[in-house]
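One structure is given here, and the rest of the page talks about it.
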Amino acid sequence: MHIVTTIAGSDSGGGAGIQADLKTFQELKVFGTSVITALTAQNTLGVYDVLSIDPSFIEKQFYALLEDFSISAIKTGMLFSADVIQTIANIMADLDIPLIIDPVMIAKGGESLLQQQAIEALRCYLLPLATVIMPNIPEAEVLTGKKIDTPASIKQAAHTLLQLGARCVVMKGGHLSDKKFATDYVFFKDGRSFSMQTARIATNNTHGTGCTFSAALTAFIGSNLPIDQAILEAKKFIQLAITHDLSIGNGYGPTNHFAYHKYKGFCEVIIHE
Ligand SMILES: Nc1ncnc2c1ncn2[C@@H]1O[C@H](COP(=O)(O)OP(=O)(O)O)[C@@H](O)[C@H]1O
Ligand SMILES: Cc1ncc(COP(=O)(O)OP(=O)(O)O)c(N)n1
């Protein structure tokens, strides 16, 4: 049994954060463990409040896992403050475990999940430790300080993130204006790149898409799948979770974490090398 860890915030609404990650891990048959960085009072309509966890307690959670488990992959989600990022980076720097970073900044409803002062800490301390960083377009714009709206600017931004130390960048295209396709762009340090294109689903039930995608990638990397295959399977996982979305709540509903096993033979992803 492979053991993986999510370091993220709790979403009381169950569609994003720790809850989405653990559901995804369970579906992909890896044993999920967690380090909780913050609690959110949240549902599909929005984030009403955030309670941060003291970094010293975050450290205790992390060391409790490291003492007892052989962890095969770790992902980060909502980290909230510079202190938390510094704490996680200090511990990660001494580990030889693949790190998947979802640089969560803003919730669907517009609420901030990362303090402004934390952006520099993310760029300087955590990003250089990333096996894979998977920003959405607005997050990549914040991290690189450049507008991203053309294929050339996507490539340029990914190269900036690779230069900052990440080994692989998955630039998620959910926020691009393409009405027909949802295309993600993958770039490696060795110069290889490819894109993954799926049909864009007309739905508002996209709460937690980034969390679910990065959790699936963590599960596949933690199960020793080669990285290209892990990225492709994770894209299938999120595509099927959005296609078979759940109408739960009255706002941006969650994705369907059960869909992959039922429908995985029926997901077309077009790859462009
Ligand atoms: N409406 C959609 N239909 C299909 N895939 C989508 C849709 N919206 C987002 N995605 C996919 O979901 C994943 C998360 O994308 P994105 O929305 O960019 O990130 P985030 O959830 O972090 O804001 C990506 O693989 C993206 O292509
Ligand atoms: C606790 C918590 N963590 C992360 C998010 C944001 O998740 P994401 O997958 O980026 O999804 P949306 O915010 O786009 O729905 C969150 N809302 N809560």
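Quick notes on this structure:
- Neighbours by Cβ (under 8 Å, 6+ apart or cross-chain): first from segment 22-37, closer than 22 Å to Ile85 by Cβ; second assigned to a loop (DSSP other than H, G, I, E, B) and among the aliphatic types (A, V, I, L, M): Ile36/Ile53; Thr37/Ile53; Thr37/Met78; Thr37/Leu79
- When the residues of segment 1-49 are filtered to those that are assigned to a loop (DSSP other than H, G, I, E, B) and either closer than 19 Å to Met105 by Cβ or in contact with a helix residue (DSSP H, G or I) (Cβ under 7 Å, 6 or more places away or on another chain) (or both), the one that is farthest from ligand 2 (Cβ to nearest atom) is His2.
- Subset of segment 198-212 (residues that are away from ligand 2 (no atom under 14 Å from the Cβ) and open to solvent by less than 30 Å² (accessible area, probe 1.4 Å)): Thr198
- Just so you know, in segment 57-75 the residues that are in contact (Cβ under 8 Å) with a residue 12 or more places away in the chain and either touching a Lys or Arg at 6+ places or on another chain (Cβ under 7 Å) or over 21 Å from Ile221 (Cβ atoms) (or both) include one that is least open to solvent (accessible area, probe 1.4 Å), and it is Ile58.
- Counting only residues that are assigned to a strand (DSSP E or B) and either more than 20 Å from the chain's Cα centre (by Cα) or within 16 Å of ligand 1 (Cβ to nearest atom) (or both), segment 50-79 holds 3 of them.
- Checking each residue in segment 84-118 for being open to solvent by 50 Å² or more (accessible area, probe 1.4 Å), closer than 19 Å to Leu143 by Cβ and more than 16 Å from ligand 2 (Cβ to nearest atom) picks out Gln86, Gln116, Gln117.
The values are calculated or read from the model by the stated rules, or taken from the named source; none is laboratory data. Remember, predicted model here, so these are calculated numbers, not experimental data. No Cβ is skipped: glycine too gets one built from the backbone with ideal geometry, and neighbour counts run over all protein chains shown. Side chains included, ligands, DNA and RNA excluded: accessible areas come from the protein's heavy atoms. Shrake-Rupley method; radii C 1.70, N 1.55, O 1.52, S 1.80 Å.
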